[in-house]
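I have placed the structure first, in the form of structure tokens, so that the comments after it can refer back to it.
The values are calculated or read from the model by the stated rules, or taken from the named source; none is laboratory data. Note that the coordinates shown come from a computational prediction; the quantities given were computed from them, not determined experimentally. For neighbour counting, all protein chains shown are included, and Cβ atoms are generated from backbone atoms with ideal geometry for every residue, glycine included.
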Amino acid sequence: MRMIVILFLSGTLGLFGCSSSDDGSGGSGASGGSGGTGGTAGTGGTAGAGGTGATGGMAGTGGTGGTDAAAAFCDGFEATCNYVDYEHENRADCLDFYNTEDASRVACVEQHLGFAMDAEPGSADRDLHCGHASGLAPCN
């Protein structure tokens, strides 16, 4: 029985490529696998939208007009010096004087009215500068 099994095994091995034939040709090698395909490129992002321009602001409103220079001077003269004791008989006379004199005389009377305002009420210094502010020398 041993013999039959060995013969049987020899024949089986011959069927499956383990024969001992020597014809000189080598067996064929396995072929290599094919390479994978490359991936697809990604798409670029979209650009952002630009911002909108701002609108300009509204213009401011104009201020109210200042006090008339002649009125301001005469208000100060009346409060500090009064019209009775000096060259101006009343407000209308004071306004007329201020509006008709040249710039250097106006500058002089304004300066002396400022000195009179700074002086003590009833003092000789106030009396002196009120006279100048009314247009007496040196403001004549």
Selection from segment 77-88 of residues more than 12 Å from H129 (Cα to Cα) and either of a type in the set (K, R) or not in a loop (DSSP other than H, G, I, E, B) (or both) yields E78, A79
Checking the structure you have, find out if any residue of segment 89-112 is surrounded by fewer than 15 Cβ atoms within 10 Å (Cβ to Cβ), β-branched (V, I, T) and over 14 Å from C130 (Cβ atoms). yes
Kindly list, by first and then second residue, each pair from a residue in segment 121-140 that is at pLDDT below 95 to a residue that is of a type in the set (K, R), limited to pairs with Cβ atoms under 7 Å and residues at least 6 apart or on different chains. C139/R105
